[in-house]
Amino acid sequence: MPQCLLRLRDRADAHQEFDGEGIQLWLDYELEALRFGVDPDVSREELEALIEGSTILLTHEEHRAGHENDFVRWGRRGGRTTLRRYGTSWYSLLARRRWERVSGAELEQVFATINGGRS
């Protein structure tokens, strides 16, 4: 059972508003939980215990092979539109921002450059 399930749960828990984004975060978590045969209504502590109990060590190749079908599904969550609009360089920059290797200000500066000076 993947750690990403716990991250999806944490994102959904962190969003306090009952708005479109909050609903989408919960749906993403619940659908992924059901995909792995987990009751989405389990407590966070129970979910963490389930994940810890199912942990096995995989090689990089085994991990990527396990996600083979996921890449298509994840790309359909809006990623292809962004990819077409901004290109692979933008995706690389977003990844570096996610990993905190690029500051928010640097990301804004590049975005403004891409959009001809508009933020």
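The values are calculated or read from the model by the stated rules, or taken from the named source; none is laboratory data. Source: prediction; values computed, not measured. Cβ coordinates were reconstructed from backbone atoms using ideal geometry, including for glycine residues, and neighbour counts include every protein chain displayed.
Computed quantities for the displayed model
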| read-out | value |
| --- | --- |
| Selection from the range 1-28 of residues that are of a type in the set (A, V, I, L, M, F, W, C), within 19 Å of Gly66 (Cβ to Cβ) and assigned to a loop (DSSP other than H, G, I, E, B) | Met1 |
| Positions within the range 43-68 being closer than 15 Å to Pro2 by Cβ and among the β-branched types (Val, Ile, Thr), in sequence order | Ile51, Thr55, Ile56 |
| Residues located in the range 29-52, provided they are in a helix (DSSP H, G or I) and either without any contact (Cβ under 8 Å) to a residue 24 or more places away in the chain or at positive phi (or both) | Glu30, Leu31, Leu34, Arg35, Glu45, Glu46, Ala49, Glu52 |
| The range 49-58 - residue that is modelled with pLDDT of 85 or more and either loosely packed, with under 15 Cβ neighbours inside 10 Å or under 18 Å from the mean Cα position of the chain (by Cα) (or both) and, of those, farthest from Ala12 (Cα to Cα) | Gly53 |
| Residue within the range 80-102 that is loosely packed, with under 12 Cβ neighbours inside 10 Å, aliphatic (A, V, I, L, M) and modelled with pLDDT under 80 present | yes |
| Top-ranked residue in the range 5-28 [being within 21 Å of His63 (Cβ to Cβ) and in contact with a helix residue (DSSP H, G or I) (Cβ under 7 Å, 6 or more places away or on another chain); ranked as surrounded by the most Cβ atoms within 10 Å (Cβ to Cβ)] | Arg9 |
| Residue identified as surrounded by 12 or more Cβ atoms within 10 Å (Cβ to Cβ) and either touching a strand residue (DSSP E or B) at 6+ places or on another chain (Cβ under 6 Å) or at pLDDT below 80 (or both) among Pro40, Pro2 | Pro2 |
| Pairs with Cβ under 6 Å, 6+ apart, first in the range 62-75 and among the hydrophobic types (A, V, I, L, M, F, W, C), second modelled with pLDDT of 70 or more | none |
